[in-house]
Every structure is written in structure tokens, then in C-alpha cells.
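To keep things clear, I will list the structure first and then write my remarks on it.
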Amino acid sequence: MGTVIQCRDLRKTYDGRVEAVRGLSLAIETGECFGLLGPNGAGKTTTIEILEGLLEPTGGQVSILGHTWQENARELREWLGISLQETRLSEKLTVRETIELFASFYREPRCSGDVLEQMQLSEKGDTWVGKLSGGQRQRLAVATALVGNPKILFLDEPTTGLDPQSRRQLWDIIRAFQQSGGTVLLTTHYMDEAERLCDRLAIVDYGKIIAEGTPADLIERLGGHHVVEFAVSGNSNGTALEVWRGLPGVESVRTDDGLVCLHVHEPHLTIPALLDAVDKQHEQLLHLTTRQASLEDVFVRLTGRHLREE
Amino acid sequence: MAVSEQPVHPAEVRKPDTPAPRNGRWSGYTHLLMARMKELQREPEVIFWVFVFPLLLALGLGIAFRNKPADVTSIVIVAGPGAEDALAMIRRSPQKDSIHADVLDQAKALQGFRLGKYDLAVEPDGRGGFRYHYDPSRQESVLSRAEVDDALQIAAGRKDPLPTSGVSSSEPGSRYIDFLIPGLLGMNIMNAAMWGIGFALVEMRQRKLLKRFVATPMRRSDFLLALTSSRLVLMLTEVGLLLGFGALIFQMRILGSLVSILLLGAVGAISFGGLGLLTASRAQKIESASGLINVVMMPMWVFSGVFFSYERFPALLQPFIKALPLTALNDALRATILQGASLGSQAGRLLILVLWGGISFLLALRLFRWT
Ligand SMILES: Nc1ncnc2c1ncn2[C@@H]1O[C@H](COP(=O)(O)OP(=O)(O)OP(=O)(O)O)[C@@H](O)[C@H]1O
Ligand SMILES: [Mg+2]
């Protein structure tokens, strides 16, 4: 089977007013890890919950593993593992009781002990859920999704609020699931997560996909390979921006928080020219860095905004 | 934690799985029921509200309203000329054992009467006669006046043309505590079902746990069934406790069969469960749910004869009161427990309960939101 998750022209309007999803189409292949990347309120949760059959779309079609929610809900539920953005599991049940409860809903679940071990929760097996740390709860939430032995894993912001190490642990678990043949759809607003974990991703903004592709491809196409950021003495005004745009190898220019950012293909051509230009203006360079372009740059380039307003 | 500090390599993460257990039809239901029971058991408040609180209430009310020995009435005589005579006359009357009299100055005497400490105040008029201060709206006061008047008249030499005598009755079965315990039982069945099902559901909805559950192949009917069963188990325990308590502490006599009583309790619990489900079908926040639950229960606390008989309300209200599910449950419980009525004779009341439960349940099915 090629495409496991497909949706066409998905729309969702809440209360007849809030257009959360505005014509979104996706096709996700078997064995892929696909990411929905977008800022708060972009419509990621709405989209993923429609795909999960938990929300009725206002318009559009969904097909999962070749079935629709109207016809095969019961079978589909056996094949999907889901972790919602926020679920507070019962605090007075132990970790093992929780996993066994979720396992009991499936016809052929995985052995609860194995899942606990894989999620590194074995030694917390007899601890009440209420006494777990945030990261452990997050892992438990993923464990409840894995215990049904799903073909597809839906994870809504699985790593939000985790420390870097816990995030990496979760990435490893997601990769392991993928290696055993599973397909993953996840949402995130961490660029590095999307870049390192996802085979393909869609950048969502205001309920629409504004770019789609592999992380490398997106950066290549839209970010420019490198970013040169600098500041000069004296105010860099509009006319100055024109000067920077004219430098060799520059694809686009923007200012960001007092810095000028140049997206460039070949920094070794651009930087000497930049230094010359600064000299000619009798200004001084206050700051200069170069770095690899990231998905953040792609997002800023497409929308003029940052993905996460700090 | 030593374990989590080692990086996990994908290759070693997934060891060959232990052969998977295959789940049968009822595995979801049994696990849900077990989980619910464990949660309840680990919640100290539940133990208190479900088990201890009703017993305390029964104990407190049972003691406060216990029948006073031989119906003694407390009266006060206003000090002054003639007061000592009045006291002496009461002391030599045939009613001397059932009248307790104090002598106080006027202000104190009337205040004690107003506060309900005394049922009657007797004020000598100084010319050999007496004036009674009584409160016609208080039954005890009216009775006290008749009793004291008889005592004084007889002591003063009145001869009754007919010899009469009275036998006092405080048999188990007709005392306040006997009235109270079935009422408390009914009220608790209602409270437990409304909170234990209605409130619990809204709380789970607010926590997005309901949504998480319906994202699995869990049967929704199993979930509701498990929630109801857990309440039934609690109900059985509670009925046993409260009746045992009444029998032990207050020598309450239980005339009906235990099976009938438990069946009644179960019908009541399921009926109120349906009402709880309906109350909880939409609310997203526990605050709004609590308000709603209280609004639904309030009229029944007042009208359904938990603490006092609803016969006291105007006749106009009676049909409305009798149609309330708690009235039906309380009446049926009283008839069964106190008079040994059979379940068959309670068919009408059972029908009221079934209708309330059934209609609420059907409405709830259409309105209920899992997300
Ligand atoms: N139940 C609802 N009723 C009304 N509006 C809603 C509801 N749920 C979401 N919205 C609105 O729809 C839009 C998209 O929300 P959604 O939760 O899908 O965003 P998101 O991309 O998941 O954001 P986040 O990163 O914060 O999780 C938001 O503007 C939100 O306010
Ligand atoms: Mg979201």
C-alpha cells in the first residue's frame, strides 16, 4: 500500500466563525515520518484530530489506510495509535495499570511489559501517574498509543515541554517505530525536531499549507543555504537594504531585530563584497555571523514572522 | 535515574515482542471497572462521602430527634406571687412525671420560651388565675398547654366525668430514626449516582480523557456500563452499612427482604445514573456541571421527604412531588424496609424510576459529547 493517510481540501470552521483549517490536502506514504510544522493556532491540532476521526470536518475528504471514518471507524481504531496534545490520565492509577487499561481495548495489543521497557518506564511501573514528572507523563502518553500495536502513530506535539535529553529519547522511540514498518504523523513547533526527525513536512500557517517537502529541500528552495547576519554603525535604512541586495550571491534580504540577514548561496563570494561595501560607506561592521539556513529561516521568509514568538 | 542517562539506540529499542495477549469481548469492560474501583478506593474523600458521612448524619439526626423519655414537656413559670402555688399544684397533679417546670423571672422566662427551650410559659395573674404564653404554630407548645391546663385544673379540684388513661408508643418502626434512615438511603443513592456519574464524566471530559478513550477501539457502551457498575458496587456496600447501622445502634427493625431492598436500590441508582448522564452530556467545565447537578437535585432534597414527610406541603403540590424520582424511591424504600412491602406492590413507584432513568438515558444518547 502506497499512501496511508490522504486528505483533500480539508476545511474546519468552528462555531461558524473561526476558520481553523482552510483547504488543506496531504498524502502520506507508508513508513514515512511526516511532520506538520506551524506556529500556535495554525490549525495543526484541528487537522490531526480530523484525520484521527475525532473531529468532524466542515468540508473535504479523509481516507486512512484506504478506509473512511464513516464506514470503518471500528477497524481504523484498531490500527491507529494516538497521543493527544493534552490528556490528563487518571492520577490515581499506576503506570502499569494505565497501560494495561489501554491495552485491554485492542484485539491484539502488545505486551504491556514490553512497551513499558521500551519507553523506559519499567521502574516506574508501580508509581501513580500523578507522581510522574512531565517527561515521564509524556512518555506514558506515547506508550498508551504504542500498546495497541498500531500501523500508524499520530502524535500531537509529543515533545513540547520536554528537556533536550527526553526529547531525543522520544525521537529514538519514534524512529524505532518507523523502522518496524510504522507510519508517523506528528505536529511540532520545534524546527530542529522537524528537521531531524521528519522525512517530509508541511509548514502550516492560518489553516493552509504554505510549503511542503523534505527538510533539506525546503531549506534549499526557500531558505538559501547560508545566512549572513550583520550590523553596521549608523542606521541601515531602506536605501542601504538595496545596496545589500545588490551584493553577489544574495538571494534575499531582511532585517530582523536590528540585524541585516542575507540569504546567500555562496558566502565566500558575498562576504568580501560586503566588507568592501561597508568600507565604501565609511561605516563600521559591529557584528557578523554566518550560519546554515534552517526551517526557521524558511518560515520567516514565507510569512515575515517567526515560528515562535519568544 | 541511571537507565535514562544512556542514549537509546533505535536498533536495540525494540526487542522481539513477547507473544501478544489476545483480548476477548469483555476485556475492556473488566479493565475499566477494575480501574474505576481502584481509583475510588484510592480517593479518601469518596470513602468519607459515600460511607462515613451518611452514618454521621444518621447518628446526629437520630440523637437530636430521639424520642424524649415519656414525652416530658418543659415549661417555665414566671416568678411572682402565685408562682410557688402553681409549682406545688403541678407537683401533686397526676401529670407530674411528664411536666418539667422551672421558675424564672419574667424576662428570662419569656426569652427561654421564645428560644424554644420551654414549650410553654405560665404567668400567675396574682388573683389565683394563670395566663399561658404558647405558640400555636408549634405542636409541642399546643400540647404542653393542654397538658399543663389539665394538671392545674385537676390539682385545683376538677373532677373528670370519664376515667381515661393513655399508653405511650415509641415502638421501633414508628420513630423518627425509622423514617429517616430509608430517606437517607434514597438521598445517598441519588447523590452518589449524580456525582459519581455526572460529575465524573464532566471531569473526564475536561481532562480530555474521554476523547483519549474514544480514540481507541474501546466500546463506548462498555465504558458507561463500567462506570454504572462501579456505582452499583458502592451502592450495595452502602445500603448494607446504613441498614446495619440502623439495626445495631437504633434497634431499627427491617421488615422487607434484603433482596427487594437491594433491587430497589439498584433501580434507583441506575435511574439516577441516567439523570446524571443527561446532566453531564454537554458541560465542558466541572464548575458548570456542579451547578447543574445541584439545580437538578435541589427540589428533591426539599420535596421528596428525606428529612420530613412531604405530606406537609399543600395538596396542590402533591402530584408534582409524587412524580419526582427521589419521592418514588424514598416511598418504595420506606414501604419495603418499614412495612415489609413486596416489590410487586411498588410497581407504580418503580415505573416512575424507570421512566425517569429511561427517558434521561435516551436523551443523553442524543446529546452526549465525548470530546
Ligand atoms: N473547540 C474550538 N472552538 C473554537 N475555536 C477553536 C477550537 N479549537 C481550536 N480553535 C481555534 O482554531 C484555531 C486552530 O487551533 P489549533 O488547536 O488547531 O491550532 P494548533 O496549530 O494546534 O496550535 P498549537 O500550536 O497552539 O497547539 C485557533 O485559532 C483556535 O483558537
Ligand atoms: Mg495544537
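Condition check for A:VAL18 on (1) over 30 Å from B:PRO44 (Cβ atoms); (2) within 16 Å of ligand 2 (Cβ to nearest atom); (3) within 14 Å of chain B (Cβ to nearest Cβ): one failure, at (3). Here A:ARG167, A:ARG139, A:ARG175, A:ARG196 are screened, and the one residue that is over 21 Å from B:PHE223 (Cα atoms) and within 7 Å of chain B (Cβ to nearest Cβ) is A:ARG175.
Name the single residue that is least open to solvent (accessible area, probe 1.4 Å) among those in the stretch A:50-73 being in contact with an Asp or Glu (Cβ under 8 Å, 6 or more places away or on another chain) and within 16 Å of ligand 2 (Cβ to nearest atom). Filtering the stretch A:50-73 for residues that are in contact with an Asp or Glu (Cβ under 8 Å, 6 or more places away or on another chain) and within 16 Å of ligand 2 (Cβ to nearest atom), the one least open to solvent (accessible area, probe 1.4 Å) comes out as A:ILE50. Tell me, please, whether a residue that is more than 30 Å from A:LEU155 (Cβ to Cβ), among the basic types (Lys, Arg), without any contact (Cβ under 8 Å) to a residue 24 or more places away in the chain and more than 16 Å from ligand 1 (Cβ to nearest atom) can be found in the stretch A:250-259. No, the stretch A:250-259 contains no residue that is more than 30 Å from A:LEU155 (Cβ to Cβ), among the basic types (Lys, Arg), without any contact (Cβ under 8 Å) to a residue 24 or more places away in the chain and more than 16 Å from ligand 1 (Cβ to nearest atom).
Residues in the stretch B:205-221 that are under 21 Å from A:ILE99 (Cβ atoms) and surrounded by 21 or more Cβ atoms within 10 Å (Cβ to Cβ): B:LEU210, B:LYS211, B:ARG212, B:ALA215, B:THR216, B:MET218. When every residue of the stretch B:84-91 is checked against the conditions, none turns out to be assigned to a loop (DSSP other than H, G, I, E, B) and not assigned by TED's automatic domain parsing to the domain that holds B:PHE245.
Exactly one residue out of B:LEU224, B:LEU277 is closer than 24 Å to B:MET37 by Cβ, open to solvent by 20 Å² or more (accessible area, probe 1.4 Å), more than 17 Å from the chain's Cα centre (by Cα) and not hydroxyl-bearing (Ser, Thr, Tyr): that is B:LEU224.
In the set (1) at pLDDT 95 or above; (2) open to solvent by less than 30 Å² (accessible area, probe 1.4 Å); (3) more than 14 Å from ligand 1 (Cβ to nearest atom), the condition left unmet by A:GLU97 is number (2).
Any chance you could count how many residues in the stretch B:121-155 are part of a loop (DSSP other than H, G, I, E, B) and modelled with pLDDT under 85?
Narrowing the stretch B:121-155 to residues part of a loop (DSSP other than H, G, I, E, B): B:125-129, B:134-138.
Still in the list and also modelled with pLDDT under 85: B:126-128, B:137-138.
So the answer is 5.
Determine whether B:PHE113 is open to solvent by less than 80 Å² (accessible area, probe 1.4 Å) and under 30 Å from B:GLY60 (Cβ atoms). Yes; evaluated as a whole, the condition is true for this residue.
Would you mind finding the one in A:ILE50, A:ILE28 that is among the hydrophobic types (A, V, I, L, M, F, W, C), more than 12 Å from ligand 1 (Cβ to nearest atom) and either assigned by TED's automatic domain parsing to the domain that holds A:ALA202 or part of a loop (DSSP other than H, G, I, E, B) (or both)?
Numbers: A:ILE50 fails: more than 12 Å from ligand 1 (Cβ to nearest atom).
Of the residues listed, the single one that is among the hydrophobic types (A, V, I, L, M, F, W, C), more than 12 Å from ligand 1 (Cβ to nearest atom) and either assigned by TED's automatic domain parsing to the domain that holds A:ALA202 or part of a loop (DSSP other than H, G, I, E, B) (or both) is A:ILE28.
Being in the same structural domain as B:ALA332 (by TED's automatic domain parsing) and without any contact (Cβ under 8 Å) to a residue 60 or more places away in the chain holds for only one residue in B:LEU209, B:LEU180, B:LEU185, B:LEU201, and it is B:LEU209. Could you check, for the stretch A:218-240, whether at least one of its residues is under 30 Å from A:PRO57 (Cβ atoms), in contact with a strand residue (DSSP E or B) (Cβ under 8 Å, 6 or more places away or on another chain) and open to solvent by 20 Å² or more (accessible area, probe 1.4 Å)? Yes, the stretch A:218-240 has at least one match.
When A:GLU78 is evaluated against the numbered criteria (1) more than 8 Å from chain B (Cβ to nearest Cβ); (2) touching a residue at least 12 places away in the same chain (Cβ under 8 Å); (3) under 26 Å from A:GLN179 (Cβ atoms), which criterion, by number, is the only one it fails? Going through the list (1) more than 8 Å from chain B (Cβ to nearest Cβ); (2) touching a residue at least 12 places away in the same chain (Cβ under 8 Å); (3) under 26 Å from A:GLN179 (Cβ atoms), A:GLU78 breaks only (1).
Condition test on A:GLY41, is it within 12 Å of ligand 2 (Cβ to nearest atom), free of Cβ contacts under 8 Å to residues at least 40 places away in the same chain and open to solvent by 10 Å² or more (accessible area, probe 1.4 Å)? First the steps, then the outcome.
Values: within 12 Å of ligand 2 (Cβ to nearest atom): yes; free of Cβ contacts under 8 Å to residues at least 40 places away in the same chain: yes; open to solvent by 10 Å² or more (accessible area, probe 1.4 Å): yes.
It is true that A:GLY41 is within 12 Å of ligand 2 (Cβ to nearest atom), free of Cβ contacts under 8 Å to residues at least 40 places away in the same chain and open to solvent by 10 Å² or more (accessible area, probe 1.4 Å).
Of all the residues in the stretch A:147-190, those that are in contact with a strand residue (DSSP E or B) (Cβ under 9 Å, 6 or more places away or on another chain) and within 16 Å of ligand 2 (Cβ to nearest atom) number 13. When B:GLU123 is tested against (1) under 30 Å from B:MET252 (Cα atoms); (2) touching a His at 6+ places or on another chain (Cβ under 8 Å), exactly one condition is not met: (1). Residues in the stretch A:192-211 that are in contact with a strand residue (DSSP E or B) (Cβ under 6 Å, 6 or more places away or on another chain) and assigned to a loop (DSSP other than H, G, I, E, B) were compared, and the one that is surrounded by the fewest Cβ atoms within 10 Å (Cβ to Cβ) is A:ASP199. Close contacts from the stretch A:144-161, counting a first residue that is among the aromatic types (Phe, Trp, Tyr) and a second that is part of a loop (DSSP other than H, G, I, E, B), with Cβ to Cβ under 9 Å and a gap of 6+ residues or different chains, come to A:PHE154/A:GLU52; A:PHE154/A:LEU84; A:PHE154/B:ALA215.
When A:TYR106 is tested against the conditions (1) outside any loop (DSSP other than H, G, I, E, B); (2) open to solvent by less than 10 Å² (accessible area, probe 1.4 Å), the lone failure is (1).
Close contacts from the stretch A:164-191, counting a first residue that is closer than 23 Å to A:LEU51 by Cα and a second that is within 16 Å of ligand 2 (Cβ to nearest atom) and β-branched (Val, Ile, Thr), with Cβ to Cβ under 6 Å and a gap of 6+ residues or different chains, come to A:LEU170/A:THR159; A:THR187/A:ILE48.
With the requirement that a residue be under 22 Å from A:THR30 (Cβ atoms), open to solvent by less than 50 Å² (accessible area, probe 1.4 Å) and more than 16 Å from ligand 1 (Cβ to nearest atom), what does the stretch A:119-163 give you?
A:VAL142, A:ALA145, A:LEU146, A:VAL147, A:GLY148, A:PRO150, A:ILE152, A:LEU153
The values are calculated or read from the model by the stated rules, or taken from the named source; none is laboratory data. In this text the structure is predicted, and so the values were computed from the model without any measurement. Neighbour counts run over all protein chains shown; Cβ positions are idealised from the backbone, glycine included. Ligands, DNA and RNA are excluded from the accessible area calculation, which covers all protein heavy atoms including side chains. Shrake-Rupley method; radii C 1.70, N 1.55, O 1.52, S 1.80 Å.
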